[in-house]
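The values are calculated or read from the model by the stated rules, or taken from the named source; none is laboratory data. A quick note: this is a predicted structure, and the numbers were derived from the prediction, not measured. Cβ: placed from backbone, ideal geometry, glycine included. Neighbour counts: every protein chain shown. We work out accessible area using only protein heavy atoms, side chains counted, and drop any ligands, DNA or RNA first. Shrake-Rupley method; radii C 1.70, N 1.55, O 1.52, S 1.80 Å.
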Amino acid sequence: MEEIREVALAYYDNCTPELRGKTWEFFQSMDTNGDHRISAREFNEFLRQTGYNTIITDPELFARLDRNGDSGLDFDEVLTFYYIIKTEYVRCRGCNKYLSGLYFTCFECFEAANPSTFDLCDACHRSSNFTHHHSDHTLFLENHILLYYKRGPDDSMAMEYLYAQALEYYDKATPELKRSVMSFFQSMVTHGANQVSLSVFNDFLKQNYYDWIFNDPLLFQKLDRNRDGGLDFWELLTFYYIIHTRYFNCRECQVYLGGLYFTCVACFEGGAHYRRHHHSDLGTYNLCAACYRSRNFVSQHPHHTFFLDNHILLRSKRGLPPYATPSLVNYTVIKSHLVL
Ligand SMILES: [Zn+2]
Ligand SMILES: [Zn+2]
Ligand SMILES: [Zn+2]
Ligand SMILES: [Zn+2]
Ligand SMILES: [Zn+2]
């Protein structure tokens, strides 16, 4: 819940005054006695009147939203609820909790025209705590991996530019980060060797499902600058840099993006076009909720201002109305897509 809350607040802080007004109207429509606090009674009344009581079957939802446990929802807590209903936030099919952080989704169900996806939390996926009626569906992908897969292969990576960027990144790195790069390299070289072989590298991609992200059979060859058939420390560093800056870390504070985060839609959708325009390879531009909320990025990333969270973006890749949901405008009851 905490993570969803952070994202809802970041949207709110970045939206127009007009949309903020609409959000307040939503809050006031729930607050029937006007005490700026939504009681359990007002909450249930809202669910009943809007018909959400037939969709939201989690009896604990009010308690989960009521973060400070004072038996009433304040505006921020209602924002979290608003985000959940507006974005049709999904729950784990194993334990029924709202998903947060990394989760897994059935690839076949995602790609099919089913009204709902089959999603699992990390723990239920790991312990096989679920029954999926499609027993032939065996591929479950992490939401992060799936999102990059849906973005399409990044076949125009400017390797020379990335190599130079990676050297600069390493140069400025903390001793801790340097150690982590070194142990990554050492984990990939077989005993006594001083470079990473093609087969070890490709196994690593497969094991981590990174081959779904890159989807480029020539990635190894592109990283192997001197074409000696192996990746030395600096060549592997480029790969490490790509993974850690473009895909899984905040561009501003470098925190690992374990769950919900924001991404620049123009960079995500129009990566190739943007690269041509700037003659450099920028990849996706991801921010943690805190950096997006504080608008930390504005000086670093001035061209684009439209950000969406990875949950919404992934949903939009299923053919649901793109970018319609998170605008925090007046609510409507959408029953058909909500997963229970
Ligand atoms: Zn679960
Ligand atoms: Zn399935
Ligand atoms: Zn950040
Ligand atoms: Zn951008
Ligand atoms: Zn520009």
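Please give the residues of segment 204-219, grouped as numeric ranges, whose backbone N is less than 19 Å from a label point set 7 Å along the Cα-to-Cβ vector of SER187. Residues 204-214 fall inside that zone. Where is the GNM fluctuation largest for the chain (alpha-carbon springs, 10 angstrom cutoff): GLU42, GLU252, GLU60? Taking springs between Cα atoms under 10 Å, the residue moving most is GLU60. Ellipsoid fit via the Cα gyration tensor, the chain: semi-axes of 40, 23, 18 Å, each the root of five times an eigenvalue, largest first.
Taking every alpha-carbon pair within segment 159-310, the share separated by more than 29 Å comes to 20 percent. For the chain, the number of Lys pairs separated by eight or more positions or lying on different chains, with C-alpha atoms closer than 26 Å, is 19. Rounded to the nearest 10 degrees, the angle from helix 75-86 to the longest Cα principal axis of the chain is 70 degrees. Note on exposure: ARG41, ARG225 ranked by accessible area (1.4 Å probe, complete protein assembly) read ARG41, ARG225, with the most exposed listed first. Counting only alpha carbon atoms, the long axis of helix 17-30 and the longest principal axis of the chain meet at about 50°. What the Cβ-Cβ distance of LYS97 and SER299 gives, at R0 = 41 Å and to the nearest 0.05, is a FRET efficiency of 0.60.
Computed per residue of the chain from DSSP H runs no shorter than four, each worth -39500 (n - 2.57), the mean residue ellipticity at 222 nm is -12500 deg cm²/dmol. Our estimate of slack between ASN33 and ARG126, defined as 0.36 nm per intervening residue step minus the Cα-Cα distance, is 28.9 nm. Compared with the dominant Cα axis of the chain, that is its longest principal axis, helix 159-171 is turned about 80°. Once the Kirkwood radius over Cα pairs is known for segment 1-143, the Stokes-Einstein relation at 20 °C and 1.002 mPa s delivers a diffusion coefficient of 128 µm²/s.
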